[in-house]
Amino acid sequence: MTELLYQKDSYLREFTAKVVETRPSSVVLDRTAFHPRPSGGLANDTGMLEWQGKRARVTDVYIDSDGVIVHVLDSDMLPEPGIEVRGIIDWDRRYRMMRLHTASHIIAALLFEKYGARVTGGMIEPDKAKDDFDLSMVSDWKSALRWAVEEANQVASRCIEVRVYRLPREEALRIPGLVKLAGRLPPEVEVLRVVEIPGVDVQADGGPHVGNTCEIGTIKILRLESKGRKRRRIYYTVEP
């Protein structure tokens, strides 16, 4: 199993690792700070790998059918197994996704608390995010989403420290509202990673987040769409 460095430190921009396997135009590492798609609904990180005076661009990172994290390179020249490499994250891309990811937790928490609405889908990319909610219990769903973003901006401005910690699975699942994804429980693991915005939200989550809600900036709605009675979609970004 690859050690997930981004779960320990979301702000880690560079790291060293050893190659454990090579595949066509790709490598598997013993540890990584690159966040893979589609874990947590976030797009993958990009960046560079350097080794022995050589370098290649990391264009994609994904989890294969066996649960292995694969780093795709833009070169057929690959480091051999056992070689140490240095990974460099495209930080601007990652940091925007971190801001959007934390914003998404606040929006989801507010809608869950007020309406019992659960997330039915979503995707976070560097320039924007989209989330789907089951708002079938609300007649004016557009107003509900606008309200959630307005409230989320108020929450973000309070500069709340975001806490990340681990709890035994049984203990974690006793926390009300820990799982806000409709029909989905966290993976069958003994210890869950928990992301908490004190007084606002607590969720089981494996992705990178900002350390303080002040870092989010201002959440701005791009558009609202209906994708079905249980899929009311909001597109949004963060500024500046």
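The values are calculated or read from the model by the stated rules, or taken from the named source; none is laboratory data. Since the structure is predicted, the reported quantities are computational estimates derived from the model, not experimental observations. Cβ atoms come from the backbone with ideal geometry, glycine included; neighbour counts cover every protein chain shown.
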inquiry  = Name the single residue that is farthest from D45 (Cα to Cα) among those in region 208-240 being crowded, with 21+ Cβ neighbours inside 10 Å and not hydrophobic (A, V, I, L, M, F, W, C).
reply    = R232
inquiry  = I'm trying to understand the selection: among the residues of region 26-60, which are at pLDDT below 95 and either surrounded by 15 or more Cβ atoms within 10 Å (Cβ to Cβ) or in contact with a Cys (Cβ under 9 Å, 6 or more places away or on another chain) (or both)?
reply    = S39, G40, G41
inquiry  = It is to be established whether one or more residues within region 61-80 are assigned to a loop (DSSP other than H, G, I, E, B) and crowded, with 16+ Cβ neighbours inside 10 Å.
reply    = yes
inquiry  = For region 135-168: of the residues being touching a helix residue (DSSP H, G or I) at 6+ places or on another chain (Cβ under 9 Å), assigned to a loop (DSSP other than H, G, I, E, B) and not hydroxyl-bearing (S, T, Y), which is surrounded by the most Cβ atoms within 10 Å (Cβ to Cβ)?
reply    = L135
inquiry  = Give all pairs with beta carbons closer than 9 Å in which a residue from region 99-119 that is at negative phi meets a residue that is modelled with pLDDT under 95 and among the acidic types (D, E); count only pairs at least 6 apart in sequence or on separate chains.
reply    = H101/D205; H105/D205
query = Within region 142-149, can one find any residue that is over 15 Å from the mean Cα position of the chain (by Cα), basic (K, R) and closer than 17 Å to Q203 by Cα?
reply = no
